Amino acid sequence: MINNEKIDLATEYFNKAFQLHMSGNIKDAIEAYKKSIDYYPTPKAHTYLGWAFSLNGKFDEAINECKIAIDLNPDYGNPYNDIGSYLINLEQFDEAIYWLEKAIKAPDYEPRHFPYYNLGRIYEKKGDWYSALHNYSEAIKQNPDYELAKNAFVRLTAMMN
């Protein structure tokens, strides 16, 4: 039986962590995410802790947190995309592609424009401009208001002309 008091405390610490995170207080956000996880670990708390680690350049720790999130709920798409984006930062493009494709296929994932955009970034860096354009286009289909994808698509199209 899950203790509701622990879940409530975990939620309280997660909300506090998120507020600290959004205000730029990453150090305290990390501590609050860890307390939330201590009370009741969730895929979301592990994923956001990973995001906070990444903002301090701690990509290995960030990836580990995302892998824990995936172990807790393999259907949750956010950690797959996040691992892909961290691997892009580490210039491990081929490995990033694997994770981004898993994000696209994840059943519980709404912002699918992110992995498509990230795939576009990888293919553009690799010089595969047609694949990059395809993925930028898919990102725009998923979210027509996503300016980064629209700008990348227009920029790359102009470069190809």
### Query
Is it the case that region 105-128 has a residue that's in contact (Cβ under 8 Å) with a residue 12 or more places away in the chain, of a type in the set (Lys, Arg), assigned to a loop (DSSP other than H, G, I, E, B) and surrounded by fewer than 22 Cβ atoms within 10 Å (Cβ to Cβ)?
yes
### Task
Within region 145-161, identify whether any single residue is touching a residue at least 24 places away in the same chain (Cβ under 8 Å), within 15 Å of the chain's Cα centre (by Cα) and not assigned by TED's automatic domain parsing to the domain that holds residue 44, and answer yes or no.
no
### Matching residues in region 43-57 - criterion: being under 26 Å from residue 75 (Cβ atoms) and either buried (at least 19 other Cβ atoms within 10 Å of the Cβ) or without any contact (Cβ under 8 Å) to a residue 24 or more places away in the chain (or both)
43, 45, 46, 47, 48, 49, 50, 51, 52, 53, 54
### Query
Could you count how many residues in region 25-42 are of a type in the set (Gly, Ala, Ser) and either surrounded by fewer than 17 Cβ atoms within 10 Å (Cβ to Cβ) or over 17 Å from residue 9 (Cβ atoms) (or both)?
0
### Task
State yes or no: is residue 63 in the same structural domain as residue 19 (by TED's automatic domain parsing) and either in contact with a Cys (Cβ under 8 Å, 6 or more places away or on another chain) or β-branched (Val, Ile, Thr) (or both)?
yes
### Task
Looking only at region 31-61, count how many residues are closer than 12 Å to residue 18 by Cβ, hydrophobic (A, V, I, L, M, F, W, C) and in contact with a Phe, Trp or Tyr (Cβ under 7 Å, 6 or more places away or on another chain).
4
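The values are calculated or read from the model by the stated rules, or taken from the named source; none is laboratory data. Since we're looking at a predicted model, the values are computed, not measured. Virtual Cβ from ideal backbone geometry, glycine too; neighbours counted across all protein chains shown.
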